[in-house]
Amino acid sequence: MTLAGKRVILLGGSSGIGFSVAEQAAAEGAQVVIASSSQDKVDRALKRLPDDAQGFRLNVTDEDEVREFFQQIGEFDHLVYTAGDPLQIKSFDETDVRQAQEFFKVRYWGAFAAARHGAAHIREGGSIVLSSGSAGARPGKGWMVAASITSASEALGRALAVELGPIRVNVVRPGPTRTELWDGSVAEPEELYQALGDKLLVGRVGQVSEVAQTYIYLMSNGFSTGSVVTVDGGHFLS
């Protein structure tokens, strides 16, 4: 099964992994719709996608906006959720509860709202693909919030597969990946990539195009649901 002729909605599709998924889906013949909290990012992304691509500004933490977005979009085949804000790496005693709760708004509750209001518009044979991260399987010091969110997202994906079947729901668990998400959130991104990559079995961090292939696979494979697919360069084993 290919994505030719399918309609794919990508929340967080204006940059990083989400944009790469949009590019690859479009290359297979899908009509892609991207949404992001930044209109500027949406506009820039659309210039790099086919003419039939659509883009919208969307605040995924506002449930009313999410509901109205899907009502406006109408029917589609696949929903991909890659929206996420940069996570601060802090020690446990430096992270207060309010800060930790804030980080769940986009990555977890945004995905929850997207599935809740998007599922009714998914055509037969369609799917939802959520995102987690390898921090949940192998957290380091300072990553307790990231580990919590990613693990919760995986549990959400499995539960939604049961709740929404026959709509398929899967989760991609990326490892350390070179993406603009880290730009501005750490002082020296290249040093971070080098340090993380040196610890991986493949000897480097991943590229967004490599991770994006996993989302394409999960949309295309009609027999996969309730799965968490890891693409982490051997992070779990290293």
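Hey, rough spin-label estimate for Met1 and Gln71, points 7 angstrom out along Cα→Cβ, what's it come to in nanometres?
Simple spin-label model gives 3.0 nm for this pair.
Would you look at the GNM of the chain, springs on alpha carbons closer than 10 Å, and say which of Tyr193, Tyr81, Tyr215 moves the most?
Sorting by GNM fluctuation, first place goes to Tyr193.
Given the Cα-Cα distance of Asp52 and Val97 and 0.36 nm per residue of separation, how much length would full extension add, in nm?
Between Asp52 and Val97, full extension yields an extra 11.9 nm.
Pick from Gln207, Gln39, Gln101: which residue has the top mean-square fluctuation in a GNM of the chain where Cα pairs under 10 Å get a spring?
Gln101
Ranked highest first by average number of other Cβ atoms within 10 Å, how do 9-17, 56-64, 40-48 line up? Spell out each step's value before the answer.
Working: 9-17: 27.0, 56-64: 17.6, 40-48: 15.1.
Ranking, from highest mean packing down: 9-17, 56-64, 40-48.
With all protein chains present, how much of the accessible area of the stretch 91-218 (probe radius 1.4 Å) comes from carbon and sulfur, to the nearest whole percent?
54
What whole-number value in Å² describes the accessible area per residue of the chain for a 1.4 Å probe?
Solvent-accessible surface per residue comes out at 49 Å².
Each label point is 7 Å from the Cα along the Cα-to-Cβ direction; what then is the distance between the points at Ala120 and Lys199, in nm?
4.4
Computed from the mean reciprocal separation of all distinct C-alpha pairs, what Kirkwood hydrodynamic radius does the stretch 63-167 have, in Å?
14.7
Counting only DSSP beta bridges with both residues in the chain, what percent are antiparallel, rounded to the nearest 5? Walk me through the intermediate numbers first.
Numbers: 0 of 29 bridges.
That works out to approximately 0 percent antiparallel.
Take the chain, connect every pair of alpha-carbon atoms lying under 10 Å apart with a spring to form a Gaussian network, then pick out the residue of Gly197, Gly74, Gly18 with the largest mean-square fluctuation.
Result: Gly74 has the largest fluctuation of those listed.
The values are calculated or read from the model by the stated rules, or taken from the named source; none is laboratory data. Just so you know, these numbers come straight off a predicted model, no measurement behind them. Positions of Cβ are generated from backbone atoms using ideal geometry, with glycine treated the same way; all protein chains shown enter the neighbour counts. Only protein heavy atoms, including side chains, enter the accessible area calculation; ligands, DNA and RNA are left aside. Shrake-Rupley method; radii C 1.70, N 1.55, O 1.52, S 1.80 Å.
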